[in-house]
1. Sort through Phe342, Phe347 and tell me the only one that's modelled with pLDDT of 95 or more, under 25 Å from Ile233 (Cα atoms) and buried (at least 24 other Cβ atoms within 10 Å of the Cβ).
2. Pairs, please: C-beta under 7 Å, at least 6 apart or cross-chain, first residue farther than 11 Å from Leu36 by Cα and in region 1-25, second among the charged types (D, E, K, R) and surrounded by 21 or more Cβ atoms within 10 Å (Cβ to Cβ)?
3. Can you name the number of the only condition in (1) in a helix (DSSP H, G or I); (2) in contact (Cβ under 8 Å) with a residue 12 or more places away in the chain; (3) closer than 22 Å to Asp218 by Cβ that Thr392 fails?
4. Any residue in region 457-477 that is farther than 28 Å from His224 by Cα sitting within a Cβ distance under 7 Å of a residue that is open to solvent by less than 30 Å² (accessible area, probe 1.4 Å) and of a type in the set (Val, Ile, Thr)? List the pairs, counting only those 6 or more apart or interchain.
5. Select from region 105-120 the residues that are over 43 Å from the mean Cα position of the chain (by Cα), crowded, with 16+ Cβ neighbours inside 10 Å and not in a strand (DSSP E or B) and list them in ascending order.
6. Taking the conditions exactly as written (on the phi < 0 side of the Ramachandran plot, touching an Asp or Glu at 6+ places or on another chain (Cβ under 9 Å) and not polar (S, T, N, Q)), does Arg397 satisfy them or not?
7. Determine if region 537-546 includes at least one residue that is surrounded by fewer than 19 Cβ atoms within 10 Å (Cβ to Cβ) and either of a type in the set (D, E, K, R) or in contact with a Gly (Cβ under 9 Å, 6 or more places away or on another chain) (or both).
Amino acid sequence: MKASYRWLKELVPQLEAPPADLAARLTGAGLEVEGLVAYGAATDACVVSRVVSTRPHPTKSGLRLVTIDRGGAQQEVVCGAPNVPEPGGFVVLAPLGTHLPAKNLTIGKRAIGGVESEGMLCSEDELGLGDDHDGIIVLASGAGVEPGKKLSDVVPSMRDTVLEIGLTPNRPDGLGHVGLAREIAALYGFPFRAPAIAAGAAASSASTRDLVKITVEDAERCPHYGAAAVVDIAIGPSPLAMKYRLQALGVRSISNVVDVTNLVMLAWGHPMHAFDMDRVRGGAIIVRRAKEGEKLTTLDGVERTLVADDLLICDGAGPVALAGIMGGASSEIQPDTKRVLFECAWFEPRGVRRTARRHGMHTESSHRFERGVDPGDVAEVLEHAVSLTMETAGGTRTKDRVHVQGATISGEPAPAPRRALRLRASRIGDLLGVEVPFAEALAILERLGCEVKARDATSAEIVVPTHRPDLGREVDLVEEIIRVRGMDAVPASLPAIRASRDVGGYEELARRARAAAVTVGLAEAITYAFTSARSLEALSAPKPSVVLKNPLGEHQAVMRTSLLPGLLEAVANARRHGERDVREFTIGPVFLPTKGDGLPDEQLRLGVVLAGDRPGWLEKPKPFDVWDAKGYAAALLERLGGVPATIEPATREEAPKHLHPRGAAFVSAAGKRIGSFGPLHPDAVDALGLEGDVLVIEIDLEPFASGPALPKYAAIPRFPASTRDAAFVVKDGTPAGEVERAVRTAAGPLATRVELFDRFIGGPVPAGHSNLAFHVVYRAADRTLTDAEVDAAHANVVKEVGERFGATLR
């Protein structure tokens with residue numbers, strides 16, 4: 001919603017707050033002002049000038065030299081506009097130094113074809129007033145139009161600040177300036193009066209019913225249809241004040257009568273439509289449902305095929321408007337229109353919404369009707385439209401209006417029903433936590449348009465105005481009280497909370513696991529705790545112990561017993577969108593079968609998926625393999641537990657069924673298996689539609705709840721170390737980890753570090769064998785080792801490995 005600050009000040013004369021302060025106050029009250037836009041900022045520096053004379057440019061065809069009087073001084077400017085008026089006409093001059101924000105241009109002295117021009121005669125486009133750049137602005141002579149005056153003083157509506165307000169759907173009253181003005185008056189404590197209707201000329205003897213017969217066949221979708229007419233009008237351009245007020249709010253000025261309907265809509269938030277009575281066939285207006293397949297060409301030039309649920313405004317020959325959304329081309333206002341019929345109705349919001357969505361339309365009208373316009377202002381809106389039309393287009397109004405409400409047709413409408421709510425003084429404090437004097441609370445509601453009846457010291461009956469359909473319960477009234485009073489009036493206080501040790505430990509463990517996963521380069525995926533029984537079955541996970549009675553869908557019908565379904569769904573989704581490389585983790589509980597107390601056994605776990613190529617910058621991309629999964633698993637456990645992880649290859653018989661038996665392995669800590677990793681089994685890949693290999697890791701976090709092991713202090717060695725390297729040729733099936741443990745055991749207490757630093761196959765290494773190279777560091781804490789001691793220990797290593805694994809020393 002765009003709102004004019006100048007217009008709001010006219011409606012609330014006491015308002016003195018600058019636009020920025022007003023924006024902050026509205027935002028604090030729930031009507032969020034998303035931005036402030038200066039409209040026509042250059043008009044403060046531009047001046048009105050009178051044309052004295054014109055002559056052709058001496059060297060440039062199409063240009064003229066215009067001598068102007070800018071108020072006591074004359075100057076000559078070069079102008080190429082085709083509509084420079086004759087001498088005596090008034091134009092707009094941007095003097096030297098004027099900055100035009102719309103063009104990001106500062107006016108300077110320029111020589112054009114050898115003639116210096118000191119200033120520029122401006123168009124709407126150059127001043128940011130509109131899109132018209134075909135000619136310069138020409139002002140009609142009249143009161144206040146004098147050479148030398150600031151343009152913004154002569155036409156005030158050319159200078160404004162526009163508030164861009166993000167209204168929530170429950171506040172349709174804010175979609176008009178009258179509603180916003182009422183809100184502002186309530187916030188600042190000012191009295192508010194709705195705009196008065198200007199006293200017009202006497203009405204004609206003709207009745208609106210003499211001009212048109214109105215029939216409403218669907219009173220459910222159109223409970224109230226109002227109409228009024230003005231005859232003998234003259235279509236023409238709108239006054240500048242009206243034109244620029246509309247354009248400041250993003251509405252293009254079309255003609256005086258059409259602009260009246262738009263201006264009234266922006267004032268009251270109630271859309272209306274104008275029909276050319278001479279183009280209404282059969283002298284009839286009929287409100288009815290469409291016939292299936294019926295056609296209507298709307299004002300945007302699109303022919304639309306209708307369905308039986310669409311509500312139409314028809315004349316005697318067929319549809320002329322899509323009710324509440326857009327008029328038709330057949331009866332729109334034309335330059336020769338002499339008689340106009342104004343329509344102002346209340347259409348059922350849901351029906352308008354359905355039709356608008358069905359036809360892919362979203363108009364200023366549908367936007368308001370969908371949210372619910374005021375059913376009680378139909379007569380007032382019609383009167384303002386008629387009055388404004390006679391003021392801008394002349395003519396004479398008919399002597400009455402027509403209001404069709406169900407089976408009743410009358411000149412004055414029956415009052416719209418109003419909701420009555422009971423407000424208790426005690427309930428205000430109970431809900432807000434702050435005491436509000438009951439008299440103050442009732443005064444706030446009255447400023448918002450509510451009527452207070454049957455009040456006493458403890459309660460009151462509140463009659464809600466028709467422009468506030470969102471007030472339906474006592475709690476809504478309480479919300480309005482604190483919203484207007486100010487949320488800042490509610491003191492901030494922390495409630496007494498007794499922390500749960502279990503929850504604290506659980507959250508801390510998840511936080512540490514999350515930090516560890518991010519540290520090793522993984523990205524977190526937020527996954528649902530819901531999954532499908534089919535996905536769990538595909539991964540051979542435990543059967544679900546919790547089945548939802550009312551799931552969102554079949555794919556989220558059970559609580560997960562493994563973290564992998566959610567992660568693998570993320571992988572599948574990424575691959576469908578062309579992203580092949582995935583390194584993600586998730587942390588959360590799994591819900592395993594109950595242990596006898598009726599509740600599922602919740603265990604906190606960490607799940608990881610690796611897919612695609614590993615990161616690499618100085619080499620060709622290579623796909624993730626089981627060694628990468630092992631590296632991530634080991635790194636995660638070391639960060640979580642503070643001790644090196646133990647990796648144990650799984651035999652074919654004991655390998656988890658969701659993993660490929662040739663790459664499955666278990667992860668252990670403190671001698672207990674706490675997880676597994678490996679490539680996903682091809683059957684699971686196919687069942688889940690993953691379209692490629694995936695490596696997975698799943699780790700139980702419960703063993704790390706007590707925190708990582710504390711590091712132990714070791715004194716800095718006082719004596720030097722002696723190192724030896726040993727390369728053993730072993731059969732391919734020999735696990736390197738077992739060889740490393742044998743080396744460590746055989747080396748005895750003198751070996752402080754044993755590392756596998758190379759694995760080599762091919763070349764001089766026999767087929768079916770591999771070369772494992774170890775780096776062994778020997779050191780004693782109390783002396784410098786002799787070569788004999790080191791050689792003896794190392795010889796024992798070579799002997800032990802040779803005898804145990806049949807290895808040969810290279």
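1. Phe342
2. Arg6/Asp160; Trp7/Arg245
3. (3)
4. From residues that are farther than 28 Å from His224 by Cα, the pairs are Ala460/Val452.
5. Passing the criteria: only Gly119.
6. Taking the combined requirement at face value, the residue does not satisfy it.
7. Scanning region 537-546, I find at least one residue that is surrounded by fewer than 19 Cβ atoms within 10 Å (Cβ to Cβ) and either of a type in the set (D, E, K, R) or in contact with a Gly (Cβ under 9 Å, 6 or more places away or on another chain) (or both), so the answer is yes.
This table checks each residue for (1) part of a loop (DSSP other than H, G, I, E, B); (2) at pLDDT 95 or above; (3) over 31 Å from the mean Cα position of the chain (by Cα).
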site	(1), (2), (3)
Asp21	no, yes, no
Leu26	no, yes, no
Ala42	no, no, yes
Pro58	yes, no, yes
Gly62	yes, no, yes
Ala81	yes, no, yes
Glu86	yes, no, yes
Lys103	yes, no, no
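The values are calculated or read from the model by the stated rules, or taken from the named source; none is laboratory data. Bear in mind that the values here come from a model prediction, so they are computed numbers and not experimental data. Every residue, glycine among them, receives a Cβ derived from its backbone with ideal geometry; neighbour counts consider all protein chains shown. Please note that ligands, DNA and RNA were not included when accessible areas were found on the heavy atoms of the full protein model with its side chains. Shrake-Rupley method; radii C 1.70, N 1.55, O 1.52, S 1.80 Å.
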